[in-house]
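Each remark here refers to the structure printed beneath this line.
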Amino acid sequence: MKHFISVDQLSNEQILSLLKTAEDYRNSNFEMKVPVFAANLFFEPSTRTKMSFVVAERRLGLDNLDFHAGNSSVLKGESLYDTAKTFEAIGANLLVIRHESDTWYEDLEGKLSIPVINAGAGAAEHPTQTMLDLLTIYQEFGRIKDLKIVIAGDIKHSRVARSNAIALQKLGAKVYLSAVPGFERETLDFPYLPMDEAVEVCDVVMLLRVQHERHDYSVGMQDYLPAYGLSKEREKRLKKHAIIMHPAPINRGIEIDTNLVECKKSRIFKQMENGVYVRMAIITELLKNWGIINENTINKCQTIISN
Ligand code: CP
C-alpha cells in the first residue's frame, strides 16, 4: 500500500493488520531519529480528523507543517495539485488531504513521490474514519462478522456512509441503511430499515450528521428526531449489548437526543480516541512502505497510561 485513499483498495487482511497495529500503539509514543515532515492539507473544515492527525504525527515523532487553506496561496488561485507539489518540493514526507471534491486524488495519481492519506473526499470517501469505527466495533464485540449494523441519517451526502458500508460488508457484517425520504443514496445497494425497526434488530446504531452545508434541506428539522433520529424512547428499545456511534460533529437534538451523546451505550468519544491510534498505524505503514522510515529510524520511547 503506497497511499491510503479508499476502502476499496484494502483487503480484509490489510484492515485487520492495521487495526492490530493501532491497538499496539494505544500506549506508545515514538521518537524519529531522522527528521520526517507531515503536511495536513485541509481544504474543508475539520476538528477531529485534523487534530487527531496532528496528535498521531506528534506521538510518532513527526514534525507537522502547518497549513491553513484560508490564508495560503489557495486564495491566489493555486490548485490542489500545485499545493501538493509545493509541499513535496520543500521537503514534506507525507501529505494528509481533505478536500470538497469527491475525486481530488485523481489529480495527484502517479505524480507524487511521497505518500498521501485521504482525510475526506467530498461525499465519497472517509477511509480513516472507517478504520477508527472498525476498531471501536472490534473492541466492543471482538468481531465484525454477522453483526447487524445500521447506518442511519443523511446517507446521500455522507462520505462516512459509503466508506463504512463497503468496509463493514467486506468484513461480513449485515449492513442496513435508514434515511429520511430524499436522503437515500442510489449507488449504495443495501437494504433500508425504518429507524423503529433498526433499533430493535441491530447491534450497532451508527448515526450520521445531517450535512446542512451540502444541501438546503432544513425544513422540518424540529420533526427529524422523533421521526428519524435516536430519541430517548428509541434508545430504550435497543438490544442490551447494542452500542451507539456517530462520527461527529453532532447536531444535538436532531439526529440524536442530546442526553444520549454521553450515555452508557454511546461510544462517540471512544471513536475519537481511537482515531489517534488508527492514524498512527496508517502513517507508519505508509512511511515504511516508501522506505522513508524503518525499524532503525523509529524508537519506541515512552509508555503512557491510557484510561
Ligand atoms: N468525523 C470527522 O471527520 O470530524 P471532523 O469533520 O471534525 O474532522
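Here is how the numbers come out for the structure above:
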| read-out | value |
| --- | --- |
| Net charge of Cβ neighbours under 12 Å - reference Phe42; Lys, Arg +1; Asp, Glu -1 | 0 |
| Estimated [θ] at 222 nm from DSSP helical runs (n ≥ 4, -39500 (n - 2.57)) normalised by residues in the chain, nearest 500 | -10000 deg cm²/dmol |
| Förster radius 30 Å - calculated FRET efficiency between Lys264 and Glu13, Cβ distance, rounded to 0.05 | 0.30 |
| The chain, dipole about Cα centre (Lys/Arg Cβ +1, Asp/Glu Cβ -1), debye to the nearest 20 | 940 debye |
| Region 144-196-region 1-64 distance, computed between alpha-carbon centres (Å) | 26 Å |
| Average Cα contact separation per residue, region 1-146, under 8 Å, 6 or more apart, as relative contact order % | 28 percent |
| Local electrostatic count, Glu109, Cβ distance below 15 Å [Lys/Arg +1, Asp/Glu -1] | -3 |
| Relative exposure of Met245, Met221, judged by other C-beta atoms within 10 Å (fewest first) | Met221, Met245 |
| Inter-probe distance in nm under a simple model that places probes 7 Å from Cα toward Cβ, at Thr297 and Glu200 | 5.7 nm |
| Antiparallel bridge percentage (DSSP; both residues within region 39-169; nearest 5) | 10 percent |
| Sequence ranges 84-96, 131-143, 105-117, 289-301, ranked by mean other-Cβ count within 10 angstrom, highest first | 131-143, 84-96, 105-117, 289-301 |
| Region 119-187 pair-distance distribution - Cα-Cα, 5 Å bins, rounded % | 4, 18, 27, 26, 16, 8, 1, 0 |
| Dipole axis of the chain (+1 Lys, Arg; -1 Asp, Glu on Cβ), positive-most option in Ala123, Pro35, Asn296 | Asn296 |
| For region 152-271: rounded, prolate or oblate by the Cα gyration tensor [a/c cutoff 1.5] | rounded |
| FRET efficiency estimate (nearest 0.05) - Cβ-Cβ, Lys145 to Lys236, R0 30 angstrom | 0.60 |
| Long-range HN-HN contacts of Phe67 with modeled amide H, under 5 Å | Asn40 |
| Inter-label distance for Asp66 and Asp24, nm, one decimal - labels placed 7 Å from Cα along Cα-to-Cβ | 3.4 nm |
| For Thr47, Thr130, order by how many other beta-carbon atoms lie within 10 Å, fewest first | Thr47, Thr130 |
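Throughout, read-outs are computed from the coordinates displayed, never taken from laboratory work. Everything numeric here is computed off the predicted structure, so don't read it as measured data. Here the Cβ is made from the backbone with ideal geometry for all residues, glycine too, and neighbour counts use every protein chain on show.
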